[in-house]
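Handing you a structure now.
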Amino acid sequence: MNAQQQPGVFVIQPQRVLEGAGVRLQRSLGTPQFNYLDPFLLFDDFSSPNTDDYVCGFPWHPHRGIETVTYILSGQVRHLDSLGNGGTLGAGDVQWMSAGSGIMHEEMPQSTSEPLVGFQLWVNLPAREKMSAPRYQNIPAQAVPTVTLGSGVSTRVVAGTHGGVRGPVTDIAVSPTYLDVALEAGVEAALSLTSGDSTFAYVFQGDIEFRIPEGGATRAAAPRLAVVQAAHEVRLVAGLSGARLLWVAGSPLHEPIARYGPFVMNTREEIQQALEDLQQGTFIRAQPRSDPSQWYGARGEGDGAG
Ligand code: FE2
């Protein structure tokens, strides 16, 4: 996108992508059309009412140099990683994983009686933290506070601060904000932006009109990603069926990136090193669970959600 200096709201239509072992998902960020919104590298919506769209999941695969944020609103995702973490994410749960120098994991949406509703965001790590020790935060639904600032508006605060309430995800390099905002029909709400941050909204239910003083009004009906640029505040006005959106913001890193599938580093040489580490079995520095040659992703597969 070349309109970084123009105030306004720019709407991105998600692209259908086949990912993992055959998951059909919708990608709004990390596509040839919209590759990077520094520091955000990828945004996938793997929601579906059809089990066949997701049940093959994202088997064992590596990551290096990024953080992945998985947010589940319905259904279940079973996970396991090379740090020894394992469990099931359910409605309202969040997993914030810092791959650092290297992690292997699997993420397997389960067939349940509920439709699957879930999202994954990739956040870049600054160069100084690309090879840090991998970390993992699992946040159960009840630990995510809900803020009600006005009638008909309810906001879950995953990360950052909203209405004086701080979300449970902390100690993240780019100081992200991650909100889940639900608006009833016709309701209006204001969100403020931090100058210099990259900010987007992902509308996944209903439709929203975004109004900014500098840039007029832009409407987005789910599913759409809306990039909000150079504004101090945006007013959200929900359509007749209400709306729900994720609101994500973070400080740009302004560093070069080199990306290859599940690895995002600063140089091609660092990508090459990651591939060599995989081939030589030195990618994981503790607790490898299986033969690295069998790990999904060892041949460059497995970018995207999971
Ligand atoms: Fe993954």
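Please treat every number below as a calculation from the coordinates, not as lab data. Note that the coordinates shown come from a computational prediction; the quantities given were computed from them, not determined experimentally. In this analysis, Cβ positions are derived from the backbone assuming ideal geometry, glycine residues included, and neighbour counts consider all displayed protein chains.
As a test of the formula, what do you get for the chain when each DSSP H run with n ≥ 4 contributes -39,500 (n - 2.57) and the sum is divided by the residue count, at 222 nm and rounded to the nearest 500 deg cm²/dmol?
Calculated at 222 nm, the ellipticity per residue is -1500 deg cm²/dmol.
Treating only the Cβ atoms of Lys and Arg (+1) and Asp and Glu (-1) as charged, compute the dipole magnitude of the range 1-142 about its Cα centre; round to the nearest 20 debye.
320 debye
To continue, here is another question. Once you order the gyration tensor axes a ≥ b ≥ c over the Cα atoms, which shape class does the range 158-234 get: rounded for a/c under 1.5, otherwise prolate or oblate by comparing a/b with b/c?
Since a/c reaches 1.5 and a/b is larger than b/c, the shape of the range 158-234 is classed as prolate.
Something else about it: Write down the Å³ per residue value for the convex hull defined by the alpha carbon atoms of the range 1-94.
Once divided by residue count, the hull of the range 1-94 is 131 Å³.
Sequence-distant or interchain residues sharing an amide H contact under 5 Å with TYR36, placed H: which?
The list, which skips near neighbours in sequence, is GLY30.
Taking the range 146-218, which GluC sites (Glu not before Pro) meet the DSSP loop condition and have no more than 13 other C-beta atoms within 10 Å?
GLU214
Report, in debye and to the nearest 20, how large the dipole of the chain comes out about its Cα centre when Lys and Arg carry +1 and Asp and Glu carry -1 on their Cβ.
That gives the chain a dipole magnitude of about 140 debye.
Here's a follow-up. Give the separation of the Cα centroids, the range 1-80 to the range 97-124, in Å.
First find each Cα centre; the distance between them is then 10 Å.
Using only the Cα atoms of the chain, build the gyration tensor, take square roots of its eigenvalues as a ≥ b ≥ c, and label the shape rounded, prolate or oblate: rounded if a/c is under 1.5, else prolate if a/b is larger than b/c, else oblate.
It comes out prolate by the Cα gyration axes.
Which cross-chain or sequence-distant (5 or more) residues have an amide H under 5 Å from the amide H of THR177, H modelled 1.01 Å from N in plane?
Those lying under 5 Å, H to H, from THR177 are ALA249, GLY250.
Further question: Enumerate the amide H contacts of ILE103 below 5 Å, restricted to partners 5 or more residues apart or on another chain; note that Pro and chain-start residues carry no placed amide H.
HIS63
To the nearest 10 degrees, how steeply does helix 268-280 sit against the main Cα axis of the chain, on a 0 to 90 scale?
50 degrees
Could you work out the relative contact order of the chain, using alpha carbon pairs under 8 angstrom and six or more residues apart, expressed as a whole percent?
The normalised contact order for the chain reaches 21 percent.
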